[in-house]
1. Could we say that B:V328 is of a type in the set (V, I, T), in contact with a Lys or Arg (Cβ under 9 Å, 6 or more places away or on another chain) and in a helix (DSSP H, G or I) here?
2. Go through (1) in contact with a Pro (Cβ under 8 Å, 6 or more places away or on another chain); (2) at pLDDT below 90; (3) away from every other protein chain (no Cβ under 14 Å) one by one and return the number of the condition A:A80 breaks.
3. Is it fair to say B:A112 is of a type outside the set (V, I, T), farther than 26 Å from B:L145 by Cβ and open to solvent by less than 40 Å² (accessible area, probe 1.4 Å)?
4. Give A:T402, A:T415 a once-over and let me know the one that is hydroxyl-bearing (S, T, Y) and either touching a strand residue (DSSP E or B) at 6+ places or on another chain (Cβ under 9 Å) or open to solvent by less than 10 Å² (accessible area, probe 1.4 Å) (or both).
5. Can you work out which of the residues in the range A:145-158 that are within 10 Å of chain B (Cβ to nearest Cβ) and either in contact with a strand residue (DSSP E or B) (Cβ under 7 Å, 6 or more places away or on another chain) or not in a loop (DSSP other than H, G, I, E, B) (or both) is farthest from A:V245 (Cα to Cα)?
6. Looking at (1) free of Cβ contacts under 8 Å to residues at least 12 places away in the same chain; (2) within 12 Å of chain A (Cβ to nearest Cβ), can you tell me which one B:T376 breaks?
7. In this structure, does B:V474 turn out to be assigned to a helix (DSSP H, G or I), of a type in the set (A, V, I, L, M) and within 26 Å of B:F51 (Cβ to Cβ)?
8. Run down B:L370, B:L397 and say which single residue is within 13 Å of another protein chain (Cβ to nearest Cβ) and of a type in the set (A, V, I, L, M, F, W, C).
Amino acid sequence: MMEIAWIVPLFPLFSFFFLLAVGKKMKETSAYVGILMTLLSFLLSLAVLFDRLGGSTYKAEHVWLTIGSVKLTAGFAVTALNAWMLVVVSLVSFLVHIYSKGYMHGDERFSVFYAYLGLFTFAMLGLVLSPNLLQTYVFWELVGLGSFLLIGFYFYKEEAKAAAKKAFIMTRIGDVGFFIGMILLFWQVGSFAYDDIFRAAEDGTLSQTMVTLTAILIFIGAVGKSGQFPLHTWLPDAMEGPTPVSALIHAATMVAAGVYLVAALFPLYEASETAMLTVAVVGGFTALFAATIGLVQTDIKRVLAYSTVSQLGYMMLALGSGSYVAGIFHLTTHAFFKALLFLAAGSVIHAVHTQDIEKMGGLWRKMPLTGPLFLIGTLAISGVPLFSGFFSKDEILVAAWTHGHVALFWIAVVTAFFTAFYMFRLFFLVFGGEKRHDEKDVHEAPAVMTLPMIVLAVLAVAAGYVHTPWFGTFLGDWLTDGAYAHETAPGWIMAVATAVSLLGIFLAWLMYGKRSLARDWLSSRVPYTYSLLWNKYYIDELYMRTVGYAATAISLLLSYIDRFVVEGIARLIAATVHTSASLGSRMQNGQVQMYGAVTFVGLALLVVILAFTGGYL
Amino acid sequence: MNGTYFLSLLIFSPLLGMILLAFVPKTQERTVKLLGFLSTLPPLLLSLFAFWQYLRGYRLEHLAEKHDWVRFTDFPFLTESTYLVRYELNIDGFSLVMIVLTSLLTTLAAAASIHIKKEWKGYFQLFLLLEIGMLGVFAAGNMILFFIFLEMTLVPMFFLVGKWGGFDRERAAYSYLLYNGLGSAILLIVILVLFARTGTSNLELLNEMLHNPVAQAQLIAPLSEELRLWLFVALFIAFGIKLPIVPFHRWMLRVHVEAPPSIVMLHAGVLLKIGAYGLIRFGIGLFPDQFRHFAFWIAVLGVINLLYGAFLAFVQEEFKMVLAYSSVSHMGIILIGLGALNEAGIQGAIFQAVSHGLIAAFLFLLVSILYERTSTTTIDRLGGLAKVMPLTAGCLLAGAMASLGLPGMSGFISEFTAFLGLFQTKPVVAAIGTLGIIMTAVYMLRAVLNMTFGPSMRNDVQALDMSTIEAIPVFILLVLIVSVGVYPYMLAKPLQAAIEMMMNGLGG
C-alpha cells in the first residue's frame, strides 16, 4: 500500500478540478463528490498506516528540476510521522466535508466551497508526504493558498477580504524565513532531502552556527503558519471564513503544519541548543500570551482561535523541550477536540445566527446534542482527567519539567489554569443561564452536522489512550521506532495539572455558572489590564503604526522620487538636447563667415582630441 | 527538417500574412482580424515543430544558415572574411525557447486584438512586422543582424503605440522611441567598435577572438582591458534601458499604460526580454570577465529593481501601473540571477524571462478583457468584480498568485532558482532581496483584491464574464504557467546545453 501513498492527495485534487469545472451545474450534489474523494483518501491513508505499522519507511523520488549537475527531486515518503499525519488530516477533512453539507446548505457558491476544501486537503496531504524541504515548501505555500481562498470565501465582505489578505501576508513573512533557511541548508548540505540534512547535522558537515541559523530561520516559517507570537495576528482574523473552515484549517490541520515542520526537522533542531530553546520559549510565551487574550474575548470563534494559538504554543513548547512525541501527541488530540469545538460552535452559530457569546445563553436544553458534545470538547481541552487533552498536556508538562525548563513549566501550568477558565467561561455563557438572544426558533443541527461531531467527540476522549503512562505509550514507541525514552515523571505534575484545571473550571463556574462572583470582578478592578487584553495587547495597532506606515511612507517617498527626480533628470536631458539643437540651428544663418568659423573651431577641437589621445581611442 | 532555410522561413513567415492582408479591403473588419490571427500561426507551428524536434534530440547546429551579404573594405592584405557581414542565423536551446515564447505570445496577442477598434489592416501589418523583428532578434547570428532586427521591432512598435494606444498615446510612443533609440545608439557604438577592431560581428568568432590568446594576436587592433570594460558598461546600459533597469524605466511605464493591452502583452512578454537576452548573450557571452567584475553590482541593481518596483507598485491607483512597476520589479529577479554568476542564477534569470513573459501576457490579456467591459482599470473604481465576473476575477487572482511566486506556478520556479543562485555567492544581498518576496505579495494582493473582492462597486455596468473565444487564450496561458510550475524540468532540459556553454565561458 505504501507504494501508492502518493495517490492519497490526488483524490481531493480531483475533487477540486472536477468541482471547479462542473460544480456549478451540480449545485449541492457537489458535496457528495468532495465527501467521496476525502473518504477514499482516508481509507487509503488508513491502509498506508497499517502497512507502515508492520513495515519500514518507504521512499520514492523523481527528477523534478535540474540545475547544472544538481538534480532536485520530487517524490513522497511514508515515515511513521507521515503515515500518522495522513490519517489525522484525511479523517478531520472527511468529517468536515460531511459537516459542511449541512452548514453551507443554501449558499450560492456551495460547489466552490467544496472545490476549495479539496484544494486545501490536497495541499495538506501533499505537505505531509513530502520527503524533502523544497517540496514541503511548495505544499506549505499551497496550503496557504487554500487557507487564503477559504478565509476570503465571503469575498464581498470587507472584513473577509482584509482577513484573507492579512493571513496570506503574515504567513508569507514567516515563509521568507523558511525560504532563506531552506536555501542556506541546501548550499551547506547539497540537497533538500530530510535524510541528507539530518546526516549533515549529525556528522558535523553543518557547523554549529549554521545549524542554529537555519533552524531558527525555518522556525520563523513555522511561527507564521502556526500563529505563534509575534506573527499570530492573522489567525483570530481568519475566523471570517465559514466555520467548517476554521475547524479544518485554523484548528486541526494547517496551523499544525508549523508544528509538523519542526517535528519533521527534529534532528536538525536537536543539534542546536539555541534553536531548541528558541522554540520552547516562543511556544511557552505564546501559550500564555494567547490564553490571557482568550480570557476576555466575546466572539465564540475568536475565543476558540486564541485557544488554538495557545495550544499550538504548547506543542512548540513540547518540541522545544525535546519531546517530539509530546508535540505530535498533542497535535493529534488537539486536532480532534478543537475540530469538535469549532464544529459545535458552528452548530451554535447556525442556530442563533450570532457569534457574540453575550447574546447566547440557555442553549443547553435547546440543543441537546451540541451542548454535551461541546462540553466534551471543553473538558478535553481543559485537561480534565480521562479526556485526551489531559494525557497530551501532561506529557508536555513532564517534558518541560524533565528538560529543566522550570520557568516554562510554570508558565504552562498557569496557561492550563487560564485555559480551563476561559473555556468554561465560554461554555457557561453559551449554554448556561437564560436566553439572551432574539432567535425564536432555535433547533438542533441536522444529523449531517451532528454525526461528524459525535465521531470527533469519541476521538476527543479516545485519542488520549494511544499514549498514556498507565496503559502504554504506543504512539511514542511507534513514532520513535521503539526508542521512546520512558521518563520517570514525578507524580505530582499530574496532580498539579489536574488541580489547576479543576480550579479554573470552578472559578468559571463561580463567575458564569453560579454567579456568586460578579462578572466584572476583573474588569472593574484592573481596567487597564482588561482593556489591554480586550485589545489583544494592541499588537495589530502596533504593526499598523510601524510596519504598515513605514511601507506606505517608503512607497510614497519613492513614488515622488520616481516622478520628480528620475523623470526630472530625463526631462533635463531632453531640454539640454533641445537647447543645443536650437543653438545649432541658429548657427545656420546663411553667412559664410559663420560657417567658416564653425568649421575652424571644429577642426581645432578634433586636432586637440587626437593629440591628447594619441590617435588611439 | 534538413532544409537549411528553415530559420529564414520561420522568421519571415509572417510576411505571407502581410502580403495577403494587402489585398483585403480595410473595411472588412472580420476578414482582416481573422487573417491577421491566422498569419501568426505559421511561425508558431514552425517553432513548435523545431522545439519538438529539439526535445527529441535534433541538433540545432544543423539549422544554421550563412550567406555572404555585405563586405566593407576591399584591402588585399585582409582575408576574405574580414569586415564581411553575413546574413547568418543560428539558434541554441536558449534562443529556441525565446522563439517559441515569441511566436506563442504573438498568436495569443493576435487573438486579444479583437478588441482593437480602428484601422485593423494597418494594425495587423505592423503587428506582423513586429513579429518578424522579434523572431529575428533571437535567431541572429551576428551583432549587426541582431541590431537590424532590433530596429525592426522599434518602428512598428512606435506606430502601434502612437496610433492605437490610449489617451496619452503619442507621448508614450515618443518616449518609447527616444529611450530605445538612445539604447540602440549606444548598442550600435559597441557593435561598431567591436566590428572595427576585430573585423567581424559574428558571435562565435567574436567570442573566439576576445578570449583565445592565439586568436587575439590576429586582431586588427587589440582591445585593452579598459576598453573592454567601457564596452561592457555601454552594453549594459543599452540593454539596461530595454530591460529596463531603474532609473531607465520611465518610458516603459507609459507604454504599459497607453499601448493597447494586446500590444503590451508583446511588449512586456517579449520586448523587455530582448534586454535580458542581450545581457546574457552579449554581456556574459562576450565579456565574461567584465561581467564577473561587476557581478556584485549587478546583483545589487537587481535587488534595487526588485524593491523599487515593488514599493512603487504598492501605491499605484491604476492597475496597469501596478503591472508596469511589477514588471520593473520582476526584471530585478533577472539581474539577481545574472549577478549570482552560477548555473542556478543564470537558469533562474532565463526562467524568469520566460515565466514573466507568460505571466505578464496573461495579466494583460485579462486587462484587455476587463477594460472592454468596464472602460477603466483604476483600482478604486472597480471592486467586487468577483460577483459579476467570477471567471475573470478568478483568473486575475491566479495571475496575481503566479506573479507573487506561488509554488506550482512558473513564477516560483524562476524566483526560487534565481535566489538559490544568489544565496550561494552573495547571501547578504540575497537576504535583502527576499524582502521583495513579501512586498510582491503585498502589492499584488492589494491591487487584485481591491478590484475583485469587497462590496460590488459597479452595479451600473452590464458586465458579462469572458466569452468562450476570449477564454481560450487565457486558459492556454494559465495551463502553461502551471505546467512550468509543476514540472519545470520541461523548461530546464532545452536550456541545459546553452547554460553549460555560458558557464564554460565564465570559467566554471
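The values are calculated or read from the model by the stated rules, or taken from the named source; none is laboratory data. Note that the structure is predicted; figures quoted are calculated from it, not measured. Glycine gets a Cβ as well: all are built from the backbone with ideal geometry, and neighbour counts include every protein chain shown. Surface accessibility is based on the protein's heavy atoms, side chains included, excluding ligands, DNA and RNA. Shrake-Rupley method; radii C 1.70, N 1.55, O 1.52, S 1.80 Å.
1. Answer is no for this residue.
2. It fails just one condition, (1).
3. On the way: of a type outside the set (V, I, T): yes; farther than 26 Å from B:L145 by Cβ: yes; open to solvent by less than 40 Å² (accessible area, probe 1.4 Å): yes.
Here the answer is yes, as B:A112 does meet what is asked.
4. None of the other options fit; the residue is A:T415.
5. The residue in question is A:E158.
6. (2)
7. yes
8. B:L397
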